[in-house]
Amino acid sequence: MDPRGVDLGTALGPLELKNPVIAASGTFGYGREYSSIVPPGSLGGIVVKGISLEPKAGNPPPRIVETPSGMLNAIGLANIGVEAFIEEKLPWLRSLDTKVFVNIYGHRLEEYRAVASAFKGLEGVDALEVNISCPNVDKGGMAFGTDPGMAARVTEAVLSSTDKPVIVKLTPNVTDITEIAKAVEAAGAHGLSLINTIAGMAVDVETRMPRLANVWGGLSGPAIRPVAVYMVYRVVRSVKIPVIGIGGILEARDALEFLISGARAVQVGTANFVNPKATLEIIQGLRDYCARKGIAKLSQIIGTLET
């Protein structure tokens with residue numbers, strides 16, 4: 001079977017993607033930074049780095065540390081703010097032949113509402129991805145995504161302020177991720193993406209100081225893939241809305257673990273730092289796999305895990 005004849009199309013609720021490979025937030029800039037290496041139109045979608053109501057400088061350096069099979073980052077969600085993003089970045093994004101997801105975050109419900117409402121009616125944004133791993137300053141710093149009630153309230157706040165499909169990005173730093181997933185689904189989310197990074201830290205034993213200025217950061221990369229696959233597997237069986245799998249995907253076989261476990265699409269993050277062409281190679285790898293197996297449509301393997 002000719003790999004070129006394989007249909008890689010997939011659906012995320014109302015969104016139709018040409019293939020299931022999406023560049024993850026925080027690892028692909030605003031999209032243009034990689035455009036000379038990765039033609040945006042070749043991807044199923046791009047998630048821009050997290051956008052907040054006001055510009056944010058992020059944390060002081062050092063804020064990235066390499067770890068065995070992964071990396072720790074404490075970038076601090078640095079970004080130019082929603083107004084500058086709409087004025088400076090969105091015009092170029094509108095020209096792309098791919099789905100554009102805007103990742104948004106806030107530290108109060110009002111901030112989520114304000115950022116979401118800024119995109120209401122705007123062309124060039126296909127969906128909002130809502131980061132609920134941020135601390136709620138009104139609740140003593142507890143992350144929105146660690147409590148089902150708070151996660152649901154953020155979801156409702158965003159949905160009431162936008163006309164875009166809403167995908168909620170779940171944190172793995174919880175006791176039972178399915179409880180958060182079900183609460184977000186009940187609140188009306190169109191889809192879920194998981195997992196966000198796992199909290200971790202590294203110590204310089206010579207100086208006896210943290211290797212990150214922020215002390216701790218988010219662990220990503222292949223080290224977290226088994227955790228991510230397990231959480232996707234559990235969430236897919238707990239909700240009816242589509243799930244996007246994220247966590248340590250470096251090659252097509254990694255992506256296939258998530259797809260076979262039930263994810264309808266995947267996001268590629270840390271791999272972009274190691275191999276800027278990782279997304280393109282994964283797409284080709286999926287074609288080759290399907291052709292070798294005699295599978296005409298990638299959708300035929302989604303959720304086919306035998307247990």
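The values are calculated or read from the model by the stated rules, or taken from the named source; none is laboratory data. Since we're looking at a predicted model, the values are computed, not measured. When we count neighbours, we look across all protein chains shown, and the Cβ atoms used for this are built from the backbone with ideal geometry, even at glycine.
Below is a table of values for the structure above.
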{"item": "Neighbours by Cβ (under 6 Å, 6+ apart or cross-chain): first from the range 97-124, at negative phi; second β-branched (Val, Ile, Thr) and in a helix (DSSP H, G or I)", "result": "ILE104/VAL115; HIS107/VAL137; TYR112/VAL154; TYR112/VAL158; VAL115/VAL82; ALA116/VAL158; ALA118/VAL82"}
{"item": "Residue within the range 34-46 that is farther than 21 Å from GLY218 by Cβ, under 19 Å from the mean Cα position of the chain (by Cα) and among the hydrophobic types (A, V, I, L, M, F, W, C) present", "result": "yes"}
{"item": "Boolean, VAL227 is surrounded by fewer than 24 Cβ atoms within 10 Å (Cβ to Cβ), within 17 Å of the chain's Cα centre (by Cα) and either closer than 29 Å to VAL100 by Cβ or among the polar types (S, T, N, Q) (or both)", "result": "yes"}
{"item": "Condition check for LEU212: surrounded by 19 or more Cβ atoms within 10 Å (Cβ to Cβ) and either in a strand (DSSP E or B) or among the charged types (D, E, K, R) (or both)", "result": "no"}
{"item": "Pair list, Cβ under 7 Å, 6 or more apart: the range 34-46 residue in contact (Cβ under 8 Å) with a residue 40 or more places away in the chain, other residue of a type in the set (Gly, Ala, Ser) and surrounded by 20 or more Cβ atoms within 10 Å (Cβ to Cβ)", "result": "PRO40/GLY31; LEU43/ALA23; GLY44/ALA265; ILE46/ALA23; ILE46/GLY31"}
{"item": "Members of the range 111-120 found to be surrounded by fewer than 22 Cβ atoms within 10 Å (Cβ to Cβ) and closer than 12 Å to PRO165 by Cα, listed by number", "result": "LYS120"}
{"item": "Tally, over the range 179-208, of residues that are of a type outside the set (Asp, Glu) and within 24 Å of PHE273 (Cβ to Cβ)", "result": "11"}
{"item": "Residues that are of a type outside the set (Lys, Arg), in a helix (DSSP H, G or I) and more than 21 Å from the chain's Cα centre (by Cα), drawn from the range 115-150", "result": "VAL137, ASP138, GLY149"}
{"item": "Criterion: modelled with pLDDT of 95 or more and closer than 21 Å to GLY45 by Cα - qualifying residue of ALA213, ALA252", "result": "ALA252"}
{"item": "Complete set of residues in the range 98-146 that are basic (Lys, Arg) and farther than 20 Å from LEU192 by Cβ", "result": "ARG108, ARG113, LYS120, LYS139"}
{"item": "Selection within the range 156-193 - among the acidic types (Asp, Glu) and in a loop (DSSP other than H, G, I, E, B)", "result": "ASP163, ASP176"}
{"item": "Check on ALA263, small (Gly, Ala, Ser), crowded, with 18+ Cβ neighbours inside 10 Å, in a helix (DSSP H, G or I) and touching a strand residue (DSSP E or B) at 6+ places or on another chain (Cβ under 8 Å)", "result": "no"}
{"item": "Criterion violated by THR171 - all others in (1) without any contact (Cβ under 8 Å) to a residue 24 or more places away in the chain; (2) on the phi < 0 side of the Ramachandran plot satisfied", "result": "(1)"}
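Conditions tested, residue by residue: (1) surrounded by 15 or more Cβ atoms within 10 Å (Cβ to Cβ); (2) assigned to a strand (DSSP E or B); (3) small (Gly, Ala, Ser).
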site: PHE28; (1), (2), (3): yes, no, no
site: ILE37; (1), (2), (3): no, no, no
site: GLY41; (1), (2), (3): no, no, yes
site: GLY50; (1), (2), (3): yes, yes, yes
site: GLU54; (1), (2), (3): no, no, no
site: MET71; (1), (2), (3): yes, yes, no
site: GLU83; (1), (2), (3): no, no, no
site: LYS89; (1), (2), (3): yes, no, no
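Residue by residue, here is whether (1) surrounded by fewer than 21 Cβ atoms within 10 Å (Cβ to Cβ); (2) more than 16 Å from LYS49 (Cβ to Cβ); (3) in contact with an Asp or Glu (Cβ under 6 Å, 6 or more places away or on another chain) holds:
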position: SER95; (1), (2), (3): yes, yes, no
position: LEU109; (1), (2), (3): yes, yes, no
position: GLU123; (1), (2), (3): yes, yes, no
position: GLU129; (1), (2), (3): no, no, no
position: ILE132; (1), (2), (3): no, yes, no
position: ASP138; (1), (2), (3): yes, yes, no
position: MET142; (1), (2), (3): yes, yes, no
position: PRO148; (1), (2), (3): yes, yes, yes
position: ALA151; (1), (2), (3): no, yes, no
